[in-house]
1. Does P122 satisfy the condition of being under 23 Å from I7 (Cβ atoms), open to solvent by 40 Å² or more (accessible area, probe 1.4 Å), in contact (Cβ under 8 Å) with a residue 40 or more places away in the chain and of a type outside the set (D, E)?
2. Can you name every residue in the range 12-25 that is near the ligand (Cβ under 10 Å from one of its atoms) and surrounded by fewer than 23 Cβ atoms within 10 Å (Cβ to Cβ)?
3. Please find, within the range 49-65, the residue that is least open to solvent (accessible area, probe 1.4 Å) out of those that are farther than 15 Å from P106 by Cα and more than 19 Å from the chain's Cα centre (by Cα).
4. On the given criteria, is V79 away from the ligand (no atom under 12 Å from the Cβ), outside any loop (DSSP other than H, G, I, E, B), open to solvent by 10 Å² or more (accessible area, probe 1.4 Å) and in contact with a strand residue (DSSP E or B) (Cβ under 9 Å, 6 or more places away or on another chain)?
5. Go through (1) buried (at least 16 other Cβ atoms within 10 Å of the Cβ); (2) closer than 22 Å to C51 by Cα; (3) within 13 Å of the ligand (Cβ to nearest atom) and name the single condition C86 misses.
6. Identify all residues within the range 185-201 that are within 9 Å of the ligand (Cβ to nearest atom) and in contact with a Ser or Thr (Cβ under 6 Å, 6 or more places away or on another chain); write none if there are none.
7. Going through the range 175-217 one residue at a time, which ones are basic (K, R) and more than 27 Å from E94 (Cβ to Cβ)?
8. Pick from the range 179-213 the residues that are among the charged types (D, E, K, R) and under 18 Å from L146 (Cβ atoms): which of them is least open to solvent (accessible area, probe 1.4 Å)?
Amino acid sequence: MIPVLAIDGPSGSGKGAVGMAVAERLGWHYLDSGAVYRALGLAASWAQLACDDESRLCALAGELDLRFVREAGAAEPQVYVNGRECGVALRGPEAADAASRVAALPGVRQALLDRQRAARRPPGLVADGRDMGSHVFPDAFLKVFLTASPEVRAERRFNQLKTKGFGVTLPRLIQEIRERDERDANRAVAPLKPAQGAVVLDSSAIGLQDVIDRVLAMVSRSS
Ligand code: DC
């Protein structure tokens, strides 16, 4: 059985940075499931689909083509959604908002399930998202639910977005994070909450490297 480490949590909890670093240390594959929902959100807005048009969104999800192409020497990979280079748009607040809306539709989640499970390849997978441990990989050998206070998460997102050139303000981001948490936590299917058996880790007062080390220590203890 190919091992899966599931890292779930809300926006700005640090699960992306932690997941990527842990995957690199272990030499495992890494799945950013949020990017899949963000790509669908972007594709839906390009196609001018309403975020509640479930049947069209399911069709779009079934055909979604998401590629990360890393050019030699580039710090960040280029991202192509349905053949269109989307630059930093995938990481922006609009893609995040659209992602959270389309992700609330049960049919869309179902349509994206196999694509996410296909990322489980030898020697192992670190999967980050909201429902990796609860729905997509319920047999993950270790489930971590990473969290932090909304203010700390908003500040982290603020710094990330500013670095990428997005014009955002901290109060606006705190409000957006609260709205997105609320939607993600209260949807009918695969809501944002710790999976059964998940280790909950609050990173509000812990630095990134410390969180990475703690997760790596949990991996060693569980293997
Ligand atoms: O992790 P992120 O901020 O890139 O995710 C963007 C949105 O996608 C998030 O608000 C909810 C949705 N999402 C989800 O519903 N399930 C996942 N496994 C990952 C993301």
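The values are calculated or read from the model by the stated rules, or taken from the named source; none is laboratory data. Small disclaimer: the values here were computed from a predicted structure and weren't measured. Heads up, the Cβs are rebuilt from the backbone with ideal geometry, glycines too, and the neighbour counts pull from every protein chain shown. These accessible areas exclude ligands, DNA and RNA; they are computed on the full protein's heavy atoms, side chains included. Shrake-Rupley method; radii C 1.70, N 1.55, O 1.52, S 1.80 Å.
1. Numbers: under 23 Å from I7 (Cβ atoms): yes; open to solvent by 40 Å² or more (accessible area, probe 1.4 Å): yes; in contact (Cβ under 8 Å) with a residue 40 or more places away in the chain: yes; of a type outside the set (D, E): yes.
Yes.
2. G16
3. Taking the range 49-65 and keeping what is farther than 15 Å from P106 by Cα, we get 49-50, 63-65.
In the following step, the residues that additionally are more than 19 Å from the chain's Cα centre (by Cα) were identified as 49-50, 63.
Details: L49: 35, A50: 52, E63: 136 Å².
Looking at residues that are farther than 15 Å from P106 by Cα and more than 19 Å from the chain's Cα centre (by Cα), I get L49.
4. Values: away from the ligand (no atom under 12 Å from the Cβ): yes; outside any loop (DSSP other than H, G, I, E, B): yes; open to solvent by 10 Å² or more (accessible area, probe 1.4 Å): yes; in contact with a strand residue (DSSP E or B) (Cβ under 9 Å, 6 or more places away or on another chain): yes.
Yes, satisfied.
5. That leaves (3) as the condition not met.
6. Result: no residue meets the conditions.
7. If we filter the range 175-217 for residues that are basic (K, R), which is where we start, we get 178, 180, 183, 187, 193, 214.
Correct list: R214 only.
8. Residues of the range 179-213 among the charged types (D, E, K, R): 179-184, 187, 193, 202, 210, 213.
Still in the list and also under 18 Å from L146 (Cβ atoms): 180-181, 184, 193, 202, 210, 213.
Values: R180: 32, D181: 31, D184: 8, K193: 121, D202: 82, D210: 68, D213: 73 Å².
It comes out as D184.
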